[in-house]
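Reviewing the structure listed below.
The values are calculated or read from the model by the stated rules, or taken from the named source; none is laboratory data. Remember, predicted model here, so these are calculated numbers, not experimental data. Glycine also receives a Cβ, built like all others from the backbone with ideal geometry; neighbour counts cover every protein chain displayed. With ligands, DNA and RNA removed, areas are computed over all heavy atoms of the protein, side chains included. Shrake-Rupley method; radii C 1.70, N 1.55, O 1.52, S 1.80 Å.
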Amino acid sequence: MTGVQTCALPILLKTEPGEYSFADLQKDGTTVWDGITNPGAVKNLREMPRGARLVIYHTGDERRAVGLATAVSIDAADPRNPRVVIKAGKPLARSLTLDQLKQAALFKDSPLLKQGRLSVVPLTAAQYEYITGK
């Protein structure tokens, strides 16, 4: 047993690529994901288990899912500002735009589409498979 939990439901993390891109995460290897202020996003971040599968999504002009990561550790001691260390994974073989996700029936009821300002978005296993092609 490695001590790392696996997460039944993956999570999508939004980032403005001009501030911190997936390429930055790959260069750094790991980073602390914190500073989230939306109450729903904070709740999702705080409840994220170690080992959670993550999709990194570029906001702004790009609006596309671009890469994968894993939650390495979660510090929710401050419930209003949880700090999650994430580790870079691989870039997606095919990045998917927001328009492409909107066209997929799987995302019809997703918070990704219904709550556009939510920066930490739970995904279903089927949505994760659709994004990753796995």
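Which one of these is in contact with a Leu (Cβ under 7 Å, 6 or more places away or on another chain) and part of a loop (DSSP other than H, G, I, E, B): Leu68, Leu9, Leu54? Full working, then the answer.
Details: Leu68 fails: part of a loop (DSSP other than H, G, I, E, B); Leu54 fails: part of a loop (DSSP other than H, G, I, E, B).
Unique residue meeting the criteria: Leu9.
Looking at this structure, is Pro91 over 22 Å from Ala104 (Cβ atoms) and either loosely packed, with under 14 Cβ neighbours inside 10 Å or modelled with pLDDT of 95 or more (or both)?
Considered against the rule, which asks whether it is over 22 Å from Ala104 (Cβ atoms) and either loosely packed, with under 14 Cβ neighbours inside 10 Å or modelled with pLDDT of 95 or more (or both), Pro91 comes out as no.
Look through region 15-35, keep the residues that are open to solvent by 30 Å² or more (accessible area, probe 1.4 Å) and in contact (Cβ under 8 Å) with a residue 60 or more places away in the chain, and return whichever of them is farthest from Lys90 (Cα to Cα).
For region 15-35, the residue satisfying everything is Asp28.
Determine, yes or no, whether Gly40 is in a helix (DSSP H, G or I), open to solvent by 10 Å² or more (accessible area, probe 1.4 Å) and within 14 Å of Lys14 (Cα to Cα).
Taking the combined requirement at face value, the residue satisfies it.
Within region 112-120, is there a residue that is at pLDDT below 95, assigned to a helix (DSSP H, G or I) and crowded, with 19+ Cβ neighbours inside 10 Å?
yes
Can you pull out the residues in region 51-67 that are in contact (Cβ under 8 Å) with a residue 12 or more places away in the chain and over 16 Å from Pro122 (Cβ atoms)? I'd like the intermediate steps shown before the answer.
So in region 51-67, the residues in contact (Cβ under 8 Å) with a residue 12 or more places away in the chain come out as 51-60, 62-67.
Within region 51-67, His58, Thr59, Gly60, Glu62, Arg63, Arg64, Val66, Gly67 meet the criteria.
Here is a list of conditions, (1) crowded, with 16+ Cβ neighbours inside 10 Å; (2) more than 14 Å from the chain's Cα centre (by Cα); (3) assigned to a strand (DSSP E or B); (4) not β-branched (Val, Ile, Thr), and Leu101 meets all of them except one; can you say which number that is?
Failing condition for Leu101: (3).
Only one residue in Ala65, Ala52 is in contact with a helix residue (DSSP H, G or I) (Cβ under 8 Å, 6 or more places away or on another chain) and either open to solvent by less than 80 Å² (accessible area, probe 1.4 Å) or among the hydrophobic types (A, V, I, L, M, F, W, C) (or both), so which one is that?
Details: Ala52 fails: in contact with a helix residue (DSSP H, G or I) (Cβ under 8 Å, 6 or more places away or on another chain).
It is Ala65.
Among what's in region 76-88 and is modelled with pLDDT of 95 or more and surrounded by fewer than 17 Cβ atoms within 10 Å (Cβ to Cβ), pick the residue that is farthest from Val42 (Cα to Cα).
Lys87
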